[in-house]
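Presented below is the structure to which this report refers.
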Amino acid sequence: MELRQLEAFAAVMSTGSVTAAGRLLGRSQPAISRLLQELEAEIGYPLFARSGPRVTPTEQGFLLYDDVERALTSLQQIRGRADEIARGQAQPLLVTATSALAAGLVPAALKRIEDRLGAARVQLRSASPERVVHAVLSGAAQLGVTSLPLEHRGLTVHWIAQAPCVVALPEDDPVAQHAVVPVSALAGRRLITMANPYRLRRRLDAALSHNVQALGTIETNSSVNALAAVRAGLGVSVLEPVTAYGSPVAGVAIRPIDLDIPFFFGVITPQSQTLTPACQAMADALAEAAAALLPDFVLHDACEHSALLQSIYGDDAPVMETPAS
(Lines give C-alpha, C1' and ligand atoms only; values in the text may rest on other atoms or scores of the structure.)
Protein backbone atom coordinates (compact mmCIF):
# COMPACT_ATOMS: atom_id res chain seq x y z
CA MET A 1 0.00 0.00 0.00
CA GLU A 2 1.72 3.13 -1.23
CA LEU A 3 1.25 6.74 -0.24
CA ARG A 4 0.41 7.75 -3.83
CA GLN A 5 -2.44 5.23 -3.86
CA LEU A 6 -3.90 6.58 -0.62
CA GLU A 7 -3.58 10.16 -1.83
CA ALA A 8 -5.38 9.26 -5.06
CA PHE A 9 -8.16 7.52 -3.12
CA ALA A 10 -8.60 10.46 -0.74
CA ALA A 11 -8.59 12.95 -3.62
CA VAL A 12 -11.34 11.07 -5.50
CA MET A 13 -13.40 10.83 -2.30
CA SER A 14 -13.01 14.58 -1.72
CA THR A 15 -13.59 15.81 -5.26
CA GLY A 16 -16.11 13.23 -6.42
CA SER A 17 -14.42 12.35 -9.70
CA VAL A 18 -11.21 10.87 -11.07
CA THR A 19 -10.70 13.83 -13.40
CA ALA A 20 -10.98 16.39 -10.59
CA ALA A 21 -8.70 14.30 -8.39
CA GLY A 22 -6.10 14.30 -11.16
CA ARG A 23 -6.24 18.10 -11.41
CA LEU A 24 -5.94 18.37 -7.63
CA LEU A 25 -2.86 16.14 -7.47
CA GLY A 26 -1.29 17.29 -10.75
CA ARG A 27 -1.61 13.84 -12.34
CA SER A 28 -3.42 12.53 -15.39
CA GLN A 29 -6.78 10.81 -15.18
CA PRO A 30 -5.31 7.44 -16.33
CA ALA A 31 -2.63 7.71 -13.62
CA ILE A 32 -5.27 8.23 -10.90
CA SER A 33 -7.35 5.33 -12.26
CA ARG A 34 -4.30 3.07 -12.25
CA LEU A 35 -3.43 3.97 -8.64
CA LEU A 36 -7.00 3.21 -7.56
CA GLN A 37 -6.98 -0.14 -9.35
CA GLU A 38 -3.67 -1.06 -7.72
CA LEU A 39 -5.02 -0.15 -4.28
CA GLU A 40 -8.22 -2.13 -4.82
CA ALA A 41 -6.23 -5.13 -6.02
CA GLU A 42 -4.07 -4.98 -2.91
CA ILE A 43 -6.87 -4.70 -0.35
CA GLY A 44 -9.17 -7.13 -2.13
CA TYR A 45 -12.39 -5.15 -2.55
CA PRO A 46 -13.70 -2.27 -4.69
CA LEU A 47 -13.62 1.25 -3.28
CA PHE A 48 -15.80 2.75 -6.00
CA ALA A 49 -18.66 1.63 -8.21
CA ARG A 50 -17.95 2.83 -11.74
CA SER A 51 -20.45 3.97 -14.33
CA GLY A 52 -18.57 5.43 -17.28
CA PRO A 53 -16.67 8.52 -16.09
CA ARG A 54 -18.64 8.64 -12.84
CA VAL A 55 -17.57 6.90 -9.64
CA THR A 56 -19.57 6.31 -6.46
CA PRO A 57 -17.88 5.20 -3.22
CA THR A 58 -18.81 1.76 -2.00
CA GLU A 59 -19.69 1.12 1.64
CA GLN A 60 -16.17 -0.26 2.16
CA GLY A 61 -14.78 2.89 0.56
CA PHE A 62 -16.59 5.12 3.05
CA LEU A 63 -15.38 2.98 5.94
CA LEU A 64 -11.75 3.07 4.78
CA TYR A 65 -11.78 6.79 4.06
CA ASP A 66 -11.98 7.81 7.73
CA ASP A 67 -8.72 6.01 8.52
CA VAL A 68 -6.99 7.14 5.34
CA GLU A 69 -7.94 10.76 6.00
CA ARG A 70 -6.52 10.59 9.53
CA ALA A 71 -3.33 8.92 8.29
CA LEU A 72 -2.77 11.53 5.58
CA THR A 73 -3.46 14.35 8.05
CA SER A 74 -0.88 12.86 10.41
CA LEU A 75 1.62 12.66 7.57
CA GLN A 76 0.99 16.31 6.68
CA GLN A 77 1.63 17.20 10.33
CA ILE A 78 4.92 15.28 10.22
CA ARG A 79 5.96 17.07 7.03
CA GLY A 80 5.03 20.41 8.53
CA ARG A 81 6.88 19.66 11.76
CA ALA A 82 9.98 18.57 9.83
CA ASP A 83 9.98 21.91 8.01
CA GLU A 84 9.52 23.78 11.30
CA ILE A 85 12.43 21.93 12.88
CA ALA A 86 14.59 22.80 9.89
CA ARG A 87 13.67 26.48 10.36
CA GLY A 88 14.14 26.28 14.15
CA GLN A 89 10.49 27.00 14.87
CA ALA A 90 8.67 26.00 18.06
CA GLN A 91 6.41 22.97 18.22
CA PRO A 92 2.85 23.80 17.08
CA LEU A 93 -0.10 23.68 19.45
CA LEU A 94 -2.51 20.92 18.36
CA VAL A 95 -5.98 21.25 19.88
CA THR A 96 -9.04 19.07 19.26
CA ALA A 97 -12.42 19.95 20.76
CA THR A 98 -16.08 19.16 20.31
CA SER A 99 -17.80 21.51 17.89
CA ALA A 100 -19.51 23.42 20.70
CA LEU A 101 -16.28 24.00 22.63
CA ALA A 102 -14.19 24.62 19.50
CA ALA A 103 -16.50 27.44 18.43
CA GLY A 104 -17.71 28.79 21.75
CA LEU A 105 -14.66 28.62 24.02
CA VAL A 106 -11.33 27.78 22.36
CA PRO A 107 -10.97 31.04 20.35
CA ALA A 108 -11.46 33.10 23.53
CA ALA A 109 -8.80 31.03 25.28
CA LEU A 110 -6.37 31.40 22.39
CA LYS A 111 -6.89 35.16 22.49
CA ARG A 112 -5.82 35.17 26.14
CA ILE A 113 -2.44 33.60 25.30
CA GLU A 114 -1.97 35.25 21.92
CA ASP A 115 1.18 37.09 23.02
CA ARG A 116 2.75 33.87 24.30
CA LEU A 117 1.98 32.01 21.08
CA GLY A 118 3.82 34.54 18.93
CA ALA A 119 4.40 33.09 15.47
CA ALA A 120 3.80 29.50 16.58
CA ARG A 121 1.41 27.45 14.44
CA VAL A 122 -1.92 26.45 16.00
CA GLN A 123 -4.14 23.67 14.68
CA LEU A 124 -7.73 23.54 15.92
CA ARG A 125 -9.88 20.57 14.91
CA SER A 126 -13.49 19.85 15.90
CA ALA A 127 -14.77 16.31 16.36
CA SER A 128 -17.26 14.21 18.31
CA PRO A 129 -16.43 13.65 22.00
CA GLU A 130 -15.28 10.12 21.24
CA ARG A 131 -13.00 11.37 18.46
CA VAL A 132 -11.53 14.05 20.71
CA VAL A 133 -10.50 11.39 23.22
CA HIS A 134 -9.09 9.22 20.44
CA ALA A 135 -7.09 12.12 19.00
CA VAL A 136 -5.46 12.78 22.37
CA LEU A 137 -4.80 9.11 23.09
CA SER A 138 -3.29 8.56 19.63
CA GLY A 139 -1.09 11.66 19.80
CA ALA A 140 -2.91 13.45 16.98
CA ALA A 141 -3.76 16.23 19.46
CA GLN A 142 -1.72 17.60 22.34
CA LEU A 143 -4.79 18.91 24.12
CA GLY A 144 -8.46 18.02 23.98
CA VAL A 145 -11.57 19.80 25.22
CA THR A 146 -14.67 17.65 25.52
CA SER A 147 -17.62 16.63 27.65
CA LEU A 148 -17.70 13.92 30.30
CA PRO A 149 -17.05 11.00 30.77
CA LEU A 150 -13.25 11.18 30.55
CA GLU A 151 -12.13 8.12 32.56
CA HIS A 152 -9.87 6.62 29.93
CA ARG A 153 -6.51 5.16 30.79
CA GLY A 154 -3.74 7.20 29.20
CA LEU A 155 -5.39 10.59 29.75
CA THR A 156 -4.49 13.36 32.16
CA VAL A 157 -7.61 15.33 33.11
CA HIS A 158 -6.59 18.85 34.13
CA TRP A 159 -9.92 20.11 35.39
CA ILE A 160 -13.66 19.66 34.97
CA ALA A 161 -16.06 22.55 34.45
CA GLN A 162 -19.75 22.74 35.28
CA ALA A 163 -22.34 25.23 34.06
CA PRO A 164 -26.13 25.01 33.77
CA CYS A 165 -27.88 24.46 30.47
CA VAL A 166 -29.95 27.31 29.07
CA VAL A 167 -32.95 27.77 26.80
CA ALA A 168 -32.78 29.38 23.37
CA LEU A 169 -35.91 31.12 22.05
CA PRO A 170 -36.73 33.42 19.15
CA GLU A 171 -35.95 36.97 20.25
CA ASP A 172 -39.55 38.09 19.76
CA ASP A 173 -40.99 35.13 21.68
CA PRO A 174 -43.12 36.35 24.63
CA VAL A 175 -41.46 33.76 26.89
CA ALA A 176 -38.11 35.50 26.28
CA GLN A 177 -39.39 38.37 28.45
CA HIS A 178 -38.71 36.22 31.52
CA ALA A 179 -35.35 36.81 33.19
CA VAL A 180 -35.49 33.12 34.17
CA VAL A 181 -37.74 30.98 31.99
CA PRO A 182 -40.09 28.62 33.83
CA VAL A 183 -39.69 25.18 32.31
CA SER A 184 -43.48 24.90 32.28
CA ALA A 185 -43.54 27.71 29.69
CA LEU A 186 -41.94 25.32 27.19
CA ALA A 187 -44.90 22.92 27.24
CA GLY A 188 -46.64 22.47 23.93
CA ARG A 189 -43.61 23.73 21.99
CA ARG A 190 -41.42 21.86 19.52
CA LEU A 191 -38.08 21.05 21.17
CA ILE A 192 -34.84 21.14 19.20
CA THR A 193 -32.50 18.76 20.97
CA MET A 194 -29.26 16.83 20.69
CA ALA A 195 -29.09 13.48 18.90
CA ASN A 196 -26.41 11.64 20.93
CA PRO A 197 -28.36 9.64 23.56
CA TYR A 198 -25.30 8.82 25.65
CA ARG A 199 -24.24 12.32 26.70
CA LEU A 200 -26.20 15.53 27.28
CA ARG A 201 -29.35 14.29 25.51
CA ARG A 202 -29.88 11.66 28.19
CA ARG A 203 -29.92 14.26 30.97
CA LEU A 204 -32.09 16.63 28.96
CA ASP A 205 -34.69 13.93 28.39
CA ALA A 206 -34.64 12.87 32.04
CA ALA A 207 -35.10 16.43 33.27
CA LEU A 208 -37.64 17.63 30.72
CA SER A 209 -39.82 14.54 30.38
CA HIS A 210 -41.37 15.15 33.80
CA ASN A 211 -41.94 18.84 33.21
CA VAL A 212 -42.58 19.44 29.52
CA GLN A 213 -45.04 17.84 27.13
CA ALA A 214 -43.41 18.73 23.82
CA LEU A 215 -45.26 19.18 20.55
CA GLY A 216 -42.50 17.27 18.77
CA THR A 217 -38.72 17.22 18.43
CA ILE A 218 -36.01 18.04 15.94
CA GLU A 219 -32.74 16.21 16.62
CA THR A 220 -29.32 17.52 15.61
CA ASN A 221 -25.69 16.74 16.41
CA SER A 222 -24.69 20.40 16.78
CA SER A 223 -25.74 23.22 19.10
CA VAL A 224 -25.05 25.67 16.24
CA ASN A 225 -27.67 23.82 14.19
CA ALA A 226 -30.08 24.02 17.11
CA LEU A 227 -29.63 27.80 17.38
CA ALA A 228 -30.17 28.19 13.64
CA ALA A 229 -33.38 26.18 13.88
CA VAL A 230 -34.58 28.37 16.76
CA ARG A 231 -33.83 31.49 14.70
CA ALA A 232 -35.91 30.05 11.86
CA GLY A 233 -38.87 29.75 14.23
CA LEU A 234 -38.92 25.95 14.28
CA GLY A 235 -39.08 25.67 18.06
CA VAL A 236 -37.12 26.22 21.26
CA SER A 237 -33.99 24.47 22.47
CA VAL A 238 -32.54 23.57 25.85
CA LEU A 239 -28.83 23.23 25.19
CA GLU A 240 -25.33 23.49 26.63
CA PRO A 241 -24.33 27.05 27.52
CA VAL A 242 -20.93 27.28 25.78
CA THR A 243 -22.30 27.66 22.27
CA ALA A 244 -25.25 29.71 23.51
CA TYR A 245 -23.02 32.35 25.11
CA GLY A 246 -19.80 31.86 23.14
CA SER A 247 -21.27 31.76 19.63
CA PRO A 248 -24.46 33.84 19.86
CA VAL A 249 -26.84 33.91 16.92
CA ALA A 250 -28.66 37.11 15.97
CA GLY A 251 -32.40 36.85 16.53
CA VAL A 252 -32.05 34.22 19.29
CA ALA A 253 -32.52 35.02 22.98
CA ILE A 254 -30.61 32.96 25.56
CA ARG A 255 -32.16 32.67 29.01
CA PRO A 256 -31.52 30.57 32.13
CA ILE A 257 -34.27 28.14 33.10
CA ASP A 258 -35.66 27.27 36.51
CA LEU A 259 -34.46 23.69 36.17
CA ASP A 260 -30.83 22.81 36.88
CA ILE A 261 -29.41 20.62 34.09
CA PRO A 262 -25.62 20.74 34.46
CA PHE A 263 -23.26 20.54 31.52
CA PHE A 264 -19.82 19.13 32.32
CA PHE A 265 -16.67 19.37 30.21
CA GLY A 266 -12.94 19.11 30.79
CA VAL A 267 -9.45 19.51 29.39
CA ILE A 268 -7.32 16.45 28.66
CA THR A 269 -3.76 15.76 27.51
CA PRO A 270 -1.85 12.52 26.83
CA GLN A 271 -0.55 10.99 30.04
CA SER A 272 2.51 9.69 28.22
CA GLN A 273 3.72 13.09 26.98
CA THR A 274 5.43 15.86 28.90
CA LEU A 275 3.17 18.89 29.07
CA THR A 276 4.60 21.74 27.02
CA PRO A 277 4.43 25.32 28.35
CA ALA A 278 2.02 26.19 25.52
CA CYS A 279 -0.34 23.34 26.49
CA GLN A 280 -0.26 24.31 30.14
CA ALA A 281 -0.96 27.93 29.24
CA MET A 282 -3.84 26.82 27.03
CA ALA A 283 -5.34 24.61 29.75
CA ASP A 284 -5.23 27.54 32.18
CA ALA A 285 -6.60 29.97 29.59
CA LEU A 286 -9.54 27.67 28.83
CA ALA A 287 -10.53 27.65 32.49
CA GLU A 288 -10.23 31.44 32.69
CA ALA A 289 -12.22 31.94 29.48
CA ALA A 290 -14.96 29.56 30.65
CA ALA A 291 -15.23 31.35 34.01
CA ALA A 292 -15.57 34.70 32.23
CA LEU A 293 -18.12 33.39 29.70
CA LEU A 294 -20.48 31.15 31.67
CA PRO A 295 -22.87 32.29 34.41
CA ASP A 296 -22.81 30.07 37.54
CA PHE A 297 -19.56 28.48 36.38
CA VAL A 298 -17.97 25.96 38.76
CA LEU A 299 -14.46 24.54 38.35
CA HIS A 300 -13.90 21.04 39.75
CA ASP A 301 -10.66 19.23 40.44
CA ALA A 302 -10.02 16.27 38.15
CA CYS A 303 -10.19 13.88 41.13
CA GLU A 304 -13.94 14.62 41.38
CA HIS A 305 -14.63 12.88 38.05
CA SER A 306 -16.18 9.72 39.52
CA ALA A 307 -18.37 11.66 41.93
CA LEU A 308 -19.59 13.91 39.13
CA LEU A 309 -20.42 10.91 36.95
CA GLN A 310 -22.40 9.47 39.84
CA SER A 311 -24.33 12.73 40.14
CA ILE A 312 -25.08 12.64 36.40
CA TYR A 313 -25.96 8.99 35.91
CA GLY A 314 -26.64 7.67 39.42
CA ASP A 315 -26.41 3.90 39.54
CA ASP A 316 -26.10 3.86 35.75
CA ALA A 317 -22.78 5.73 35.81
CA PRO A 318 -20.71 4.29 32.94
CA VAL A 319 -17.69 2.20 33.74
CA MET A 320 -14.95 3.09 31.29
CA GLU A 321 -12.98 0.22 29.82
CA THR A 322 -9.23 0.35 30.24
CA PRO A 323 -7.84 -0.91 26.93
CA ALA A 324 -4.64 -2.90 26.97
CA SER A 325 -1.46 -1.00 26.18
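The values are calculated or read from the model by the stated rules, or taken from the named source; none is laboratory data. Just so we're clear, the structure is a prediction, and the values are computed from it rather than from any experiment. Every residue, glycine as well, gets a Cβ built from its backbone with ideal geometry; the counts of neighbours run over all protein chains shown.
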T243 of a type in the set (S, T, Y), surrounded by fewer than 20 Cβ atoms within 10 Å (Cβ to Cβ) and either out of contact with any strand residue (DSSP E or B) (no Cβ under 8 Å at 6 or more places or on another chain) or assigned to a strand (DSSP E or B) (or both): no
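A quick yes/no check of all residues on (1) free of Cβ contacts under 8 Å to residues at least 12 places away in the same chain; (2) closer than 30 Å to L259 by Cα; (3) assigned by TED's automatic domain parsing to the domain that holds P241; (4) crowded, with 24+ Cβ neighbours inside 10 Å:
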position	(1), (2), (3), (4)
A97	no, yes, no, yes
L110	no, no, no, no
Q123	no, no, no, no
S128	no, yes, no, no
H134	yes, no, no, no
L137	no, no, no, no
A140	no, no, no, no
V157	no, yes, no, no
Filter result for G104 (in contact with a helix residue (DSSP H, G or I) (Cβ under 6 Å, 6 or more places away or on another chain) and closer than 19 Å to D296 by Cβ): yes
Complete set of residues in region 2-20 that are touching a Lys or Arg at 6+ places or on another chain (Cβ under 8 Å) and crowded, with 18+ Cβ neighbours inside 10 Å: A8
Residue match in region 212-226 (condition: touching a Pro at 6+ places or on another chain (Cβ under 8 Å) and either of a type outside the set (G, A, S) or outside any loop (DSSP other than H, G, I, E, B) (or both)): no
Failed condition for R255, given (1) modelled with pLDDT of 95 or more; (2) touching a Cys at 6+ places or on another chain (Cβ under 8 Å): (2)
Meets criteria (surrounded by 15 or more Cβ atoms within 10 Å (Cβ to Cβ), more than 28 Å from N225 (Cβ to Cβ) and either assigned by TED's automatic domain parsing to the domain that holds N196 or in contact (Cβ under 8 Å) with a residue 24 or more places away in the chain (or both)) for E151: yes
